[in-house]
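The values are calculated or read from the model by the stated rules, or taken from the named source; none is laboratory data. Remember, predicted model here, so these are calculated numbers, not experimental data. Every residue, glycine among them, receives a Cβ derived from its backbone with ideal geometry; neighbour counts consider all protein chains shown. Only protein heavy atoms, including side chains, enter the accessible area calculation; ligands, DNA and RNA are left aside. Shrake-Rupley method; radii C 1.70, N 1.55, O 1.52, S 1.80 Å.
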Amino acid sequence: MKLLSNVMEQVIKRNPNEPEFHQAVKEVLESLEIVAEKNPEYLNAGIFDRIVEPERQIIFRVPWVDDNGKVQVNRGFRVQFNSAIGPYKGGIRFHPSVNVGIIKFLGFEQIFKNSLTGLPMGGGKGGSDFDPKGKSDGEIMRFCQSFMTELSKHIGPDTDVPAGDIGVGGREIGYMYGMYRKIRNEFTGVLTGKGLTWGGSLARTEATGYGLCYFMDEAMKTMKGKSFEGATVVISGSGNVAIYATEKAQQLGAKVVALSDSNGYIHDPDGVKLDTVKQIKEVERKRISEYVKYHPNATYTEGCSGIWTIKCDVALPCATQNELDENGAKALVANGCYAVGEGANMPSTPGAIEVFMNNGVLFAPGKASNAGGVATSGLEMCQNSMRYSWTFEEVDAKLKDIMVNIFRSASAAAKEYGQENNLVLGANIAGFLKVANAMKAQGV
Ligand code: NDP
């Protein structure tokens, strides 16, 4: 980096001890160097300096009472990163690893992802260091109510519209929505991922995983002359994204042979039985290790990183950031894997991405390939504004169109800037240009 190195230095100085945020910004700035060279007007308008600084960051106390009557305190976050092209939009994550740097990395990525969908949505992200694991329903409800008591002051259907992420699914959205409605005395589309009888969109639950497969199917056909038909697929995670990526990959003719959670992974050479996984993870909320009790041909291995040593054609990391490192990438390449699509946000380390690029592996970055979730959230917002619901087929068809278009715009931008097939570069540039032009037009 030459022209943008001072922007990066400033980010590191201003945001010390936030390695994930530095990693996300560095990747984007490296792609944008060529844009800065060709278009000095963005430098003159200070777009790069402005885009790396959130418009607003809110940090708040979340006090709640556990089942033993003891007071617990967590920390809540909402980072409203950029609203140049629409209201802030991005999920809420409940996980003990959450801190301001993680939320900032996610919020920053969200700006470009939301722009890529073609829908009018700005970038934001939120969460808490609350650990939902092992908590009762009552504890989850009291926590969500306390979290929303503060968050409600900062969001609104035309201001900021949060959604789910790790640890936040339909149940949590329900408790938060109920509290917002009580506090504000209004029924508006302030959250997405809502239940179907109270403003939710059909296909939102499936959207990120399905969208990932639509993106990869188009990318594999165009760039490799291949498809999911007959492919062996390894998927990490067993949450919302992983489950519905498995479902769509199977529908498209693939054999998914592995899934994981934060304790370990299962390998089922006969093909994962998704009904069992849904029962364990969505209904019983238990560990993926339970799977082998029902399917003795499958094996369970403690620890997460070994999943990338399983032979496959296509790998879809769908758990969390930096879960796939250089060693994992080398193992995948050695076993003949030709396509990697990120369902999670930033699951591949920079070292892993380099290995994929150097070995001609089709690599789809999360901000393009997992944008189906937020795109369908955007469609939920449209339906809420119209007070009308589309059918599953209508939403699914729009999702598919959006994912194919994202692939085409990332691919076209990569070609235009002289690095055909580099979807990292293409997605960063295509996502950036729309936001940068809006920022420039709107003045400092
Ligand atoms: P869920 O909470 O439903 O599932 C997360 C899965 O990842 C679980 O299997 C979890 O295992 C595993 N996991 C979480 N943390 C770790 C860790 N530190 N190491 C290993 N495994 C871990 O979340 P989602 O499926 O919604 O989200 C998964 C990823 O996809 C995240 O990166 C998220 O930001 C991204 N994403 C989600 C979207 C959505 O619509 N939900 C949209 C776009 C991106 P365990 O149960 O043991 O914690």
Exercise. What is the one condition in (1) surrounded by fewer than 19 Cβ atoms within 10 Å (Cβ to Cβ); (2) at pLDDT 95 or above that Ile353 does not satisfy?
Worked result: (1)
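Would you mention how many residues in the stretch 248-284 are of a type in the set (Gly, Ala, Ser) and crowded, with 24+ Cβ neighbours inside 10 Å? Can you show your working first?
Within the stretch 248-284, the first condition is being of a type in the set (Gly, Ala, Ser), and the residues that meet it are 249, 253-254, 258, 260, 262, 264, 271.
With crowded, with 24+ Cβ neighbours inside 10 Å added as a condition, the list becomes 249, 254, 258, 260.
Counting residues in the stretch 248-284 that are of a type in the set (Gly, Ala, Ser) and crowded, with 24+ Cβ neighbours inside 10 Å gives 4.
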Problem set entry | Residues satisfying the stated conditions in the stretch 63-107, i.e. over 22 Å from Pro16 (Cβ atoms), among the β-branched types (Val, Ile, Thr) and either touching a Leu at 6+ places or on another chain (Cβ under 6 Å) or surrounded by fewer than 24 Cβ atoms within 10 Å (Cβ to Cβ) (or both) | Val65, Val71, Val73, Ile85
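Residue by residue through the stretch 253-280, note down the ones that are touching a His at 6+ places or on another chain (Cβ under 8 Å), away from the ligand (no atom under 14 Å from the Cβ) and touching a residue at least 40 places away in the same chain (Cβ under 8 Å). Let's see the steps before the verdict.
Initial filter on the stretch 253-280 (touching a His at 6+ places or on another chain (Cβ under 8 Å)): 257-258, 268, 270, 273, 276.
Next, only the ones that are away from the ligand (no atom under 14 Å from the Cβ) stay: 257, 268, 270, 273, 276.
Result: Val257, single match.
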For this session: Go through the stretch 181-205 and give me each residue that's buried (at least 23 other Cβ atoms within 10 Å of the Cβ) and part of a helix (DSSP H, G or I).
Result: Arg204
Problem set entry | Spans of helices (runs of 4 or more DSSP H) in the stretch 361-444 with at least 1 residues touching a His at 6+ places or on another chain (Cβ under 6 Å) | none
Problem set entry | Whichever residue in the stretch 169-180 is assigned to a helix (DSSP H, G or I) and small (Gly, Ala, Ser) and, among such residues, is nearest to the ligand (Cβ to nearest atom) | Gly170
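Out of the residues in the stretch 288-347 that are free of Cβ contacts under 8 Å to residues at least 12 places away in the same chain and over 24 Å from Phe228 (Cα atoms), state the one that is most open to solvent (accessible area, probe 1.4 Å). Working first, answer last.
At the first step, the residues of the stretch 288-347 found to be free of Cβ contacts under 8 Å to residues at least 12 places away in the same chain are 290, 293, 296, 334.
After this cut, where a residue has to be over 24 Å from Phe228 (Cα atoms) as well, the list is 290, 293, 296.
Working: Glu290: 39, Lys293: 148, Pro296: 114 Å².
That would be Lys293.
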For this session: For residues that are open to solvent by less than 40 Å² (accessible area, probe 1.4 Å) and either closer than 20 Å to Ala245 by Cα or within 14 Å of the ligand (Cβ to nearest atom) (or both), tally how many sit in the stretch 362-394.
Result: 19
Seminar exercise, completed: Exactly one of Leu196, Leu212 is at pLDDT 95 or above, more than 16 Å from the ligand (Cβ to nearest atom) and within 21 Å of Phe392 (Cβ to Cβ), and that one is Leu196
Seminar exercise, completed: Among (1) without any contact (Cβ under 8 Å) to a residue 60 or more places away in the chain; (2) open to solvent by less than 10 Å² (accessible area, probe 1.4 Å), Asp131 falls short only on (2)
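Which of the strands (runs of 3 or more DSSP E) contained wholly in the stretch 53-109 include at least 1 residues that are within 11 Å of the ligand (Cβ to nearest atom)?
Working: elements: 56-65, 71-82, 88-94.
Of the strands (runs of 3 or more DSSP E) lying wholly inside the stretch 53-109, those with at least 1 residues that are within 11 Å of the ligand (Cβ to nearest atom) span 88-94.
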For this session: Please find, among Ala315, Ala319, Ala334, the residue that is among the aliphatic types (A, V, I, L, M), within 11 Å of the ligand (Cβ to nearest atom) and under 17 Å from Ala258 (Cβ atoms).
Result: Ala319
For this session: Tell me, please, whether a residue that is in contact with a Lys or Arg (Cβ under 8 Å, 6 or more places away or on another chain), closer than 26 Å to Lys226 by Cα and of a type in the set (S, T, N, Q) can be found in the stretch 399-412.
Result: no
Exercise. Yes or no: Ile140 crowded, with 21+ Cβ neighbours inside 10 Å and hydrophobic (A, V, I, L, M, F, W, C)?
Worked result: no
Exercise. Going through the stretch 237-252 one residue at a time, which ones are within 14 Å of the chain's Cα centre (by Cα) and touching a residue at least 40 places away in the same chain (Cβ under 8 Å)?
Worked result: Gly237, Gly239, Asn240, Val241, Ala242, Ala245
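Among the candidates Phe392, Phe356, Phe363, single out the residue that is out of contact with any strand residue (DSSP E or B) (no Cβ under 6 Å at 6 or more places or on another chain) and not β-branched (Val, Ile, Thr). Step through it out loud before you land on a result.
Numbers: Phe356 fails: out of contact with any strand residue (DSSP E or B) (no Cβ under 6 Å at 6 or more places or on another chain); Phe363 fails: out of contact with any strand residue (DSSP E or B) (no Cβ under 6 Å at 6 or more places or on another chain).
Of the residues listed, the single one that is out of contact with any strand residue (DSSP E or B) (no Cβ under 6 Å at 6 or more places or on another chain) and not β-branched (Val, Ile, Thr) is Phe392.
Looking at the stretch 148-168, which of the residues that are within 16 Å of the ligand (Cβ to nearest atom) and crowded, with 22+ Cβ neighbours inside 10 Å is farthest from Asp261 (Cα to Cα)? It would help to see each step written out before you state the result.
The initial filter retains those residues of the stretch 148-168 that are within 16 Å of the ligand (Cβ to nearest atom), namely 161-168.
When the remaining residues are screened for being crowded, with 22+ Cβ neighbours inside 10 Å, the result is 161-166, 168.
Values: Val161: 28, Pro162: 25, Ala163: 22, Gly164: 18, Asp165: 15, Ile166: 12, Val168: 16 Å.
The extreme case among them is Val161.
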Exercise. So how many residues does the stretch 226-247 have that are open to solvent by 10 Å² or more (accessible area, probe 1.4 Å), more than 9 Å from the ligand (Cβ to nearest atom) and among the small types (Gly, Ala, Ser)?
Worked result: 2
